[in-house]
1. May I ask you to verify whether B:Phe106 is within 14 Å of chain A (Cβ to nearest Cβ) and of a type in the set (Phe, Trp, Tyr)?
2. Would you be able to tell me the number of residues in region A:165-196 that are at the interface with chain B (Cβ under 7 Å from one of its Cβ atoms), over 16 Å from A:Gln84 (Cβ atoms) and out of contact with any Phe, Trp or Tyr (no Cβ under 8 Å at 6 or more places or on another chain)?
3. Sort out which residues of region A:138-196 are loosely packed, with under 15 Cβ neighbours inside 10 Å and of a type in the set (Val, Ile, Thr), and write them in order of number.
4. Hey, could you check region A:19-72 for residues that are of a type in the set (Phe, Trp, Tyr) and either in contact with a strand residue (DSSP E or B) (Cβ under 6 Å, 6 or more places away or on another chain) or part of a helix (DSSP H, G or I) (or both) and say which is nearest to A:Thr168 (Cα to Cα)?
5. Starting from residues that are hydroxyl-bearing (Ser, Thr, Tyr) and within 23 Å of the chain's Cα centre (by Cα), keep the ones in region A:25-82 and report whichever is farthest from the other protein chains (Cβ to nearest Cβ).
6. Determine which member of the set B:Ala31, B:Ala20, B:Ala47, B:Ala25 is of a type in the set (Gly, Ala, Ser), surrounded by 14 or more Cβ atoms within 10 Å (Cβ to Cβ), free of Cβ contacts under 8 Å to residues at least 40 places away in the same chain and not assigned by TED's automatic domain parsing to the domain that holds B:Met162.
7. Would you point out which residue out of A:Glu135, A:Glu88 is more than 24 Å from A:Leu58 (Cβ to Cβ) and in contact (Cβ under 8 Å) with a residue 60 or more places away in the chain?
8. Could you grab me the full set of residues in region B:73-111 that are assigned to a loop (DSSP other than H, G, I, E, B), touching a helix residue (DSSP H, G or I) at 6+ places or on another chain (Cβ under 6 Å) and among the charged types (D, E, K, R)?
There are 2 protein chains.
Amino acid sequence: MARTQGSHSGITGPRVREVALKLFAQHGYAAVSMRQIAREVGVQVGAIYNYTPDKQALLFSLLEGHMEELLAAWEAEPRPEAPQDRLEVFVRFHIRFNLARPQAIFISYMELRNLEPAHFAVIETLRKRYEAALEEILRDGQATGAFSVPDTRLASYALIAMLTGVNTWYREGGRLSIAEVADIYWDMVRKAVAAG
Amino acid sequence: MARTQGSHSGITGPRVREVALKLFAQHGYAAVSMRQIAREVGVQVGAIYNYTPDKQALLFSLLEGHMEELLAAWEAEPRPEAPQDRLEVFVRFHIRFNLARPQAIFISYMELRNLEPAHFAVIETLRKRYEAALEEILRDGQATGAFSVPDTRLASYALIAMLTGVNTWYREGGRLSIAEVADIYWDMVRKAVAAG
């Protein structure tokens with residue numbers, strides 16, 4: 001029989017993930033050991049394995065959890081009829097969601113190469129589902145004549161890269177609020193895909 | 001006196017950088033040892049130190065060399081009078097330059113956090129110089145009335161993020177040539193910053 005989980009597993013499980021996320025973001029997956037994670041959580045290294053089979057499973061679980069949360073949050077957003085309105089919802093959602101999770105976004109980009117192939121494939125599928133949600137908006141707007149986009153696939157990549165870039169420079173307490181940043185990006189996105 | 005460089009230093013120096021770039025891109029800076037670099041170059045580990053004081057100096061030299069090359073190449077580009085034309089030159093240049101150097105671009109984003117603070121500051125300064133080149137074009141276009149950009153600083157970040165994103169999905173031999181990709185991105189960029 002495997003080790004039974006301690007009575008604190010309900011608390012320690014999330015704490016292990018939280019610490020792992022922080023350490024992976026700070027030092028990189030390759031540089032962080034399970035021993036280091038255990039020390040920071042405040043448990044014996046053996047106890048960590050009650051919560052995760054290994055470091056790879058931990059990384060995968062963090063990235064998968066992040067993507068599932070992203071997709072669920074997007075599904076829960078309002079879905080106005082007009083493609084232009086839906087695109088605005090997407091732009092503001094993406095910026096807000098990502099700025100609230102800087103470490104998860106950071107490791108989602110930085111640590112993809114450290115996923116084993118089967119894990120990578122799962123994350124890729126989830127990522128493509130999110131990109132497809134944006135592409136659908138662009139195709140709908142193309143169909144109604146609201147948008148003129150030479151290539152909806154590339155436009156979805158281009159817009160997501162642009163919006164995700166906010167995380168690399170935005171600092172809380174800087175000269176712009178998140179809402180102001182979203183206004184500025186929405187202005188550029190709206191025009192980038194506009195017809196005429 | 002320091003070790004004298006061997007007669008092959010003119011060849012081995014660039015080879016050390018080339019191998020380091022490849023290994024850092026493949027495995028990450030933290031996971032690569034000087035021993036591994038030496039083995040792949042085909043020299044004794046001690047001989048590596050004829051070419052670089054340590055692994056940190058090697059990473060810094062790669063990132064600094066990349067940024068210097070980027071800035072010099074941009075300076076050598078044509079500089080048409082009209083801001084819109086100059087912006088088009090920038091878009092096509094950025095995509096072409098980056099797609100020709102996938103590993104350098106990759107480590108420039110991935111390994112920034114592994115630079116010591118003094119090294120990081122140098123790279124940041126060079127990066128800001130490149131962003132400023134784009135922002136200058138945007139400000140010029142704003143002044144002539146060709147562009148309408150609510151925030152030229154943010155627009156420069158947004159456009160560079162969008163254009164750099166091409167490196168994450170472009171595959172040689174895919175459905176689009178580099179020139180076709182540049183056409184599609186230029187269409188979006190042109191509209192994103194357009195007046196009216």
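The values are calculated or read from the model by the stated rules, or taken from the named source; none is laboratory data. The shown structure was predicted, so the numbers you read here are calculated from the model rather than taken from an experiment. Cβ placement follows ideal geometry from the backbone for every residue including glycine, while neighbour counts extend to all protein chains displayed.
1. Details: within 14 Å of chain A (Cβ to nearest Cβ): yes; of a type in the set (Phe, Trp, Tyr): yes.
Yes: the conditions hold for B:Phe106.
2. Of the residues in region A:165-196, 1 are at the interface with chain B (Cβ under 7 Å from one of its Cβ atoms), over 16 Å from A:Gln84 (Cβ atoms) and out of contact with any Phe, Trp or Tyr (no Cβ under 8 Å at 6 or more places or on another chain).
3. The answer is A:Thr144, and nothing else.
4. Pass one, region A:19-72, residues of a type in the set (Phe, Trp, Tyr): A:24, A:29, A:49, A:51, A:60.
Keeping just the survivors that are either in contact with a strand residue (DSSP E or B) (Cβ under 6 Å, 6 or more places away or on another chain) or part of a helix (DSSP H, G or I) (or both) gives A:24, A:29, A:60.
Values: A:Phe24: 17, A:Tyr29: 19, A:Phe60: 23 Å.
Across region A:19-72, the extreme among qualifying residues is A:Phe24.
5. A:Tyr51
6. B:Ala31
7. Answer to the selection: A:Glu88.
8. Matches in region B:73-111: B:Glu77, B:Glu111.
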